[in-house]
Amino acid sequence: MNFEEHAGKSVLARAGVSVPQGRLCASAQEAEAAARAIGPVVVKAQVPTGKRGKSGGVKLAATPEEAAASAQAILGMEIGGFPVARVLVEEQAAIAREFYAAVLNDPASRSPLVLFSTEGGMDIEEVAATRPESLRRMAVDIRKGFGPADARRLLLGLDLGEAAVPVAAMLVDLYRVYRQHDAELLEINPLALLADGRVVPLDCKLTVDDAALYRQEDIAELGAKEPLSALEERGRALDLKYIELEGNVGVLANGAGLTMTTMDVVSHAGGRPSNFLEIGGEAYTKGTEALDLVLSNPGVKSLVVNFCGAFARTDVMAGGVIQAWKTLNPTIPVYFSIHGTGEDEAVRMVREELGIEPYDRMEDAISAAVEAAR
Ligand code: GDP
Ligand code: MN
């Protein structure tokens, strides 16, 4: 789930991190009223993408009339493909310096990574390329967390002067918010040092792990879910974890692990899967719905059914697929690999009822499916 700037800042504020005073506005009149209450403001487009500054989506306004005019101009814009429907009208900050700070999931170290740079306001990729000495990173052991001593160590040697203390405190706060809200990314660019010595987030980008939303209910209403495709909506309604992909080999396997393995082997054999679908656990009796979903993807040209039984019985799962196959009567070829609990019975059923011989080896079933989809 993605949070636009205003939503991310609300999350920060709720967690006790002070952010500039601001109001979300949908019209020039609202922006004018907000500026009348706040004073000199900055009017900022609210779209789920960065680089608003460079696109003219961030404007300073000294008076309410100017704020109205800026809002009028920005509300008509399209930034990164997103039409601007709302602006954040925020108290103007007297910026002395701009820094960059972020906490993110780092696949390389398989841990949270705290990033800080004295070069704020520009793309971090650009900073990494042109001013690498200004960029500091620290992988965090989540069991130990990230405290003031870690922050001081990260910042050691950077020319921050008096700002080192509030910056360190801010990094500790950002790590806390990132952890508390199951974030994948919390990025503050710029993190501003104000003329009066305070350090405040002027921008905020927050992404929260969708799988954790059930325990992030208090902030979930602030964010925007990644849109699901029609098929994915159908999967969700059936309580099946379905992800639509662009390939042409349909995948029906039990359990997320075996499904991912099957997808990997499809890729390894030179093909591309047309879906992820998990029918493990309690869902293993939903064969018909699951098959229907996989076959509804317009790209699918062949199907691989890969079952591995333990608690879930392969004869029950195969029974569901056979029943579904007879009901739906699809024209694409299907390749089975069945192993584990109930295997003999499942193989016999597929052979007798569908007239198809399951493969002994998963790799062979998958290669055949990839070949057939070419
Ligand atoms: P982005 O371009 O989408 O990342 O939008 P930002 O929120 O980062 O804003 C872009 C730039 O606008 C910042 O780097 C600042 O230089 C400037 N800016 C944002 N808020 C203020 C403010 O309150 N006062 C001043 N003077 N500049 C601001
Ligand atoms: Mn920014």
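Which residue pairs have Cβ atoms closer than 7 Å, lie 6 or more positions apart in sequence or on different chains, and pair a first residue in the range 31-53 that is closer than 16 Å to Leu202 by Cα with a second residue that is polar (S, T, N, Q) and within 10 Å of ligand 1 (Cβ to nearest atom)?
What qualifies is Pro40/Gln92; Val41/Gln92; Val42/Gln92.
Does Val321 satisfy the criteria of being crowded, with 16+ Cβ neighbours inside 10 Å and in contact with a helix residue (DSSP H, G or I) (Cβ under 8 Å, 6 or more places away or on another chain)?
Answer is yes for this residue.
Residue check: is Ser302 surrounded by fewer than 23 Cβ atoms within 10 Å (Cβ to Cβ), over 22 Å from Lys241 (Cα atoms) and in contact (Cβ under 8 Å) with a residue 60 or more places away in the chain?
No.
In the range 247-260, is there at least one residue being within 16 Å of ligand 2 (Cβ to nearest atom), at negative phi and either out of contact with any Ser or Thr (no Cβ under 9 Å at 6 or more places or on another chain) or among the charged types (D, E, K, R) (or both)?
Checked the range 247-260: no residue is within 16 Å of ligand 2 (Cβ to nearest atom), at negative phi and either out of contact with any Ser or Thr (no Cβ under 9 Å at 6 or more places or on another chain) or among the charged types (D, E, K, R) (or both).
Hey, any hits in the range 193-210 for a residue that's under 17 Å from the mean Cα position of the chain (by Cα), within 30 Å of Asn306 (Cα to Cα) and either crowded, with 19+ Cβ neighbours inside 10 Å or away from ligand 1 (no atom under 16 Å from the Cβ) (or both)?
So in the range 193-210, the residues under 17 Å from the mean Cα position of the chain (by Cα) come out as 204-210.
Imposing the further condition that a residue be within 30 Å of Asn306 (Cα to Cα) reduces the set to 209-210.
Add one more test, that the residue is either crowded, with 19+ Cβ neighbours inside 10 Å or away from ligand 1 (no atom under 16 Å from the Cβ) (or both), and what stays is 209-210.
So far as the range 193-210 goes, yes, one or more of its residues are under 17 Å from the mean Cα position of the chain (by Cα), within 30 Å of Asn306 (Cα to Cα) and either crowded, with 19+ Cβ neighbours inside 10 Å or away from ligand 1 (no atom under 16 Å from the Cβ) (or both).
For the range 35-58: of the residues being among the hydrophobic types (A, V, I, L, M, F, W, C) and near ligand 1 (Cβ under 6 Å from one of its atoms), which is nearest to Ala85 (Cα to Cα)?
Among those residues, the one meeting the criterion is Val58.
Out of (1) in a loop (DSSP other than H, G, I, E, B); (2) closer than 18 Å to Ser274 by Cα; (3) among the aliphatic types (A, V, I, L, M), the odd one out for Ala312 is which?
Here Ala312 meets the rest and fails (2).
Among the residues of the range 152-201, which ones are part of a loop (DSSP other than H, G, I, E, B) and closer than 23 Å to Gly223 by Cα?
The answer is His181, Asp182.
Each reported figure results from applying straightforward, stated rules to the coordinates on display, with no laboratory input. Because the structure is predicted, anything quoted here is derived from the model rather than measured. Neighbour counts are summed over all protein chains in view; Cβ atoms, including those assigned to glycine, are modelled from backbone coordinates with ideal geometry.
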